[in-house]
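The structure under discussion appears below in the form of structure tokens.
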Amino acid sequence: MNTWTWLAYLGIDPDGWAAALLQGALVTLEISFGAFAVGLLLGLAGAAAKLSGVRSLERVANAYTTVCRAVPELLLILLLYYAGTDAVNLLMRAIGVGDVNVNGFAAAVTVLGVVQGAYAAEIIRGAILAIPYGQIEAGRAFGARPSLVFRRVILPAMAPYALAGFANLWLILVKDSALISVVGYSELLYTAKQAAGSTREYLHYYLMVAAVYFAITAVSGACFREIERRFGRWMPQA
């Protein structure tokens, strides 16, 4: 069953604003999940570069995190969204392909992922530095390859230290997804603005959106607390 069939089954008019808001909430979650994954990958790469001991990689990673944390996120989104689209078209024209229509969803995920990756890099770097170094040395003493040490020792050991930061990052990302509305992409807040402008019931629809964001935050917080509880079972208790 597709989304509209489920809406009809639940008694929600598929042609009404309630259905449009629900669809916008689903788009917001899709953007958030996609951007969170991109941010984690960029964060891992950034943290690895900062801890690599290679001066050139450290400088690139430091420049990336400094710029993304210093410039307001709304401005970064506008710059990356529009400048990134222009850069892709310039590249396509250079290789003789011509202009292309950049997918709005992919652009939103990439833009938010790049911004969040800078914060994820610092969270991961701090979590890795919190690992007792003897655990890493023990892995190396057994002759394990660096990639195996990273997968079997570093990643599991850093998870309890990083989960609180990742939880905050996810909650911030869900709220930051609303910034995508400034470029006209139909996520939850943009849909609410359309509904409010069409019906003139601004307070009604904005309060509905606030309730949806609160529900997402509450469910996400409960999920992260359960994950932290499970990971914390083998951590030393104060």
* Please enumerate the residues belonging to region 134-161 that are hydroxyl-bearing (Ser, Thr, Tyr) and either modelled with pLDDT of 80 or more or under 21 Å from Arg230 (Cα atoms) (or both). => Tyr161
* Asked: Within region 96-111, can one find any residue that is within 13 Å of Ser177 (Cα to Cα), of a type in the set (Phe, Trp, Tyr) and in a helix (DSSP H, G or I)?
  -> yes
* So which residues in region 169-189 are crowded, with 19+ Cβ neighbours inside 10 Å and farther than 30 Å from Glu122 by Cα, if there are any at all? -> none
* To do: Need at least 2 residues that are within 25 Å of the chain's Cα centre (by Cα), surrounded by 19 or more Cβ atoms within 10 Å (Cβ to Cβ) and at pLDDT below 90 per element, so show me which helices (runs of 4 or more DSSP H) inside region 1-85 make the cut, counting only ones lying wholly within it.
  => 17-50, 73-78
* Report yes if Ile124 is of a type in the set (A, V, I, L, M) and more than 20 Å from Ala61 (Cα to Cα), otherwise no. => no
* Asked: Any chance region 171-179 includes a residue that's within 14 Å of the chain's Cα centre (by Cα) and of a type in the set (S, T, N, Q)?
  -> yes
* Asked: If you scan region 190-212, which residues turn out to be farther than 12 Å from Ala18 by Cβ, among the aromatic types (Phe, Trp, Tyr) and either buried (at least 17 other Cβ atoms within 10 Å of the Cβ) or modelled with pLDDT under 85 (or both)?
  -> Tyr190, Tyr202
* Determine whether region 158-168 contains at least one residue that is buried (at least 19 other Cβ atoms within 10 Å of the Cβ), out of contact with any helix residue (DSSP H, G or I) (no Cβ under 6 Å at 6 or more places or on another chain) and assigned to a helix (DSSP H, G or I). => yes
* Structure fact -> Apart from one, (1) farther than 22 Å from Tyr185 by Cβ; (2) under 18 Å from the mean Cα position of the chain (by Cα) all hold for Arg140; the odd one out is (2)
* Structure fact -> Of the candidates Val212, Val182, the one satisfying the condition of being more than 17 Å from the chain's Cα centre (by Cα), assigned to a helix (DSSP H, G or I) and farther than 13 Å from Ser32 by Cβ is Val182
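The values are calculated or read from the model by the stated rules, or taken from the named source; none is laboratory data. Just so it is clear, the structure is predicted and the values come from calculations on it, not from any experiment. Methodologically, a virtual Cβ is constructed for each residue, glycine included, from the backbone with ideal geometry; neighbour enumeration extends over all protein chains shown.
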